[in-house]
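Report on one structure; see the data block that follows.
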Amino acid sequence: MIVRALKWVGDIDGFLELADQRLLPAEYVRIRCADVSEVYEAIKTLAVRGAPAIGVSAAYGLVLGLQKPDLDPSVEAGLEALHSSCDYLASSRPTAVNLFWALERVRSRAEQFALEHPQAGLDDFRRFVLAQAHEICREDVEMCRRIGRNGQRFIKDNTGVLTHCNAGALATAGQGTALSVIFEAHKNGRKFRVYADETRPLLQGARLTAWELQQAGVDVVVICDDMAGWLMKQNKVQAVITGADRIAANGDTANKIGTYSLSILAREHGIPFYIAAPSSTFDLTIRSGADIPIEQRSADEVRHFAGKQTAPDNVAVWNPAFDVTDARDISAIITERGVIQNPDRASIAKHLASSRV
């Protein structure tokens, strides 16, 4: 079984339903977002997480922002409300580029609709925005399948695969990015074992990735983050594959904190290191990883664990949510368009300019 992170229920007066990832794996609870502020809160507090899922959720959040009962029934009022919702949702998290990509895509198309249909009513505008969100969602589902098919050849029989954080169905509208590669290899009958880093401090690997892989019948073993190097030393890992939240023009890649360390360990042990991510994750306005904004999260995520205090009161904490892996340490980037071997500025530009999807 592959779970669904999100779905839209109903028509223009509908709501967004999310799997509450804060409660997994102990409880599988679906929550209802009926207001744009609830989508903002879900993104901010990690009820929904993963760059593609955040992007799709934000697109649907724009639909919710148009459900205000006191909104003037004109396309101009709808466009103004949409701009406000875009700015609001964009402030929820700073690193995942899919959030900004999805918001800007809906915004630009809505502006074009308003320009071409000045006499349209608010409901026409709302239907158009909902259609855009649905399209982004459908594209995400297909993107996941394509990434899986393009990358599954890198997982060989009787090998070990290490992954970090969660880049599965819970992180997308489909079957995931990094985990899509694993799911497709599993469907093709390959026998392998996945090692899932627990991924401190919020345990997305232990709580989410291990749960997803168990549901799909994939052989999975959870390890603490600081065990990865020794695991590699024992020759138990033949490939590392992770997702990405933003990829710079030169191939430097931001992903969950701890990914950079894995890339160095993989290089030291001669293990290929793969990134699986959609084309929308590339941000060509960012020249290198040095310019990627890194979200700093609450100190209490580190001071406490499972509701228990694990560090002294008011001790200083440094808690970046992401780090950046250098392009030189990435063997290949797997996208829905194909594979970029040994990524650099030129190969990425060529890949993104191709018409093949």
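The values are calculated or read from the model by the stated rules, or taken from the named source; none is laboratory data. Treat the numbers as computed from the prediction; the structure is a model and nothing was measured. Cβ sites come from the backbone with ideal geometry, for glycine too, and all protein chains shown count toward neighbours.
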Can you pull out the strands (runs of 3 or more DSSP E) entirely within region 4-110 that have at least 2 residues that are out of contact with any strand residue (DSSP E or B) (no Cβ under 8 Å at 6 or more places or on another chain) and either among the small types (Gly, Ala, Ser) or more than 21 Å from Asn255 (Cα to Cα) (or both)? none
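Being surrounded by 22 or more Cβ atoms within 10 Å (Cβ to Cβ), out of contact with any Ser or Thr (no Cβ under 8 Å at 6 or more places or on another chain) and either closer than 29 Å to His186 by Cβ or assigned by TED's automatic domain parsing to the domain that holds Val324 (or both): is that true of Cys137 here? Working first, answer last.
Details: surrounded by 22 or more Cβ atoms within 10 Å (Cβ to Cβ): yes; out of contact with any Ser or Thr (no Cβ under 8 Å at 6 or more places or on another chain): yes; either closer than 29 Å to His186 by Cβ or assigned by TED's automatic domain parsing to the domain that holds Val324 (or both): yes.
For Cys137, the condition - surrounded by 22 or more Cβ atoms within 10 Å (Cβ to Cβ), out of contact with any Ser or Thr (no Cβ under 8 Å at 6 or more places or on another chain) and either closer than 29 Å to His186 by Cβ or assigned by TED's automatic domain parsing to the domain that holds Val324 (or both) - is met.
What residue, of Cys165, Cys137, is part of a helix (DSSP H, G or I) and either of a type in the set (Val, Ile, Thr) or within 17 Å of the chain's Cα centre (by Cα) (or both)? Walk me through how you get there before you give the answer.
Details: Cys165 fails: part of a helix (DSSP H, G or I).
From the options Cys165, Cys137, the qualifying one is Cys137.
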Every residue from region 45-64 that is of a type in the set (A, V, I, L, M, F, W, C) and farther than 16 Å from Phe15 by Cα: Leu46, Ala51
Mind checking whether some residue in region 210-218 is buried (at least 20 other Cβ atoms within 10 Å of the Cβ), in a helix (DSSP H, G or I) and either among the basic types (Lys, Arg) or not assigned by TED's automatic domain parsing to the domain that holds Ala332 (or both)? no
Cross-chain or 6+ apart pairs with Cβ under 9 Å, region 45-71 first and closer than 19 Å to Met143 by Cα, then of a type in the set (S, T, N, Q) and surrounded by fewer than 24 Cβ atoms within 10 Å (Cβ to Cβ): Ala51/Thr95; Ala51/Ser280; Pro52/Ser280; Ile54/Ser92; Gly55/Ser280; Ala58/Ser92; Ala59/Gln132
Does region 104-111 contain at least one residue that is surrounded by fewer than 21 Cβ atoms within 10 Å (Cβ to Cβ) and closer than 18 Å to Trp8 by Cβ? yes
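Can you spot a residue in region 197-204 that is among the aliphatic types (A, V, I, L, M) and surrounded by fewer than 21 Cβ atoms within 10 Å (Cβ to Cβ)? Spell out how you get there, then give the answer.
Initial filter on region 197-204 (among the aliphatic types (A, V, I, L, M)): 202-203.
Retained after the next criterion (residues that are surrounded by fewer than 21 Cβ atoms within 10 Å (Cβ to Cβ)): none.
Checking region 197-204: not a single residue is among the aliphatic types (A, V, I, L, M) and surrounded by fewer than 21 Cβ atoms within 10 Å (Cβ to Cβ).
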Among the candidates Val48, Val63, single out the residue that is more than 15 Å from Asn166 (Cβ to Cβ), surrounded by 24 or more Cβ atoms within 10 Å (Cβ to Cβ) and β-branched (Val, Ile, Thr). Val63
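Have a look at Asp226, Asp245, Asp252 and point out the one that is touching a strand residue (DSSP E or B) at 6+ places or on another chain (Cβ under 8 Å), outside the structural domain of Ala96 (by TED's automatic domain parsing), modelled with pLDDT of 95 or more and of a type outside the set (Phe, Trp, Tyr). Break it down into steps so the answer makes sense when it comes.
Working: Asp226 fails: touching a strand residue (DSSP E or B) at 6+ places or on another chain (Cβ under 8 Å); Asp245 fails: modelled with pLDDT of 95 or more.
Criteria check complete, one pass: Asp252.
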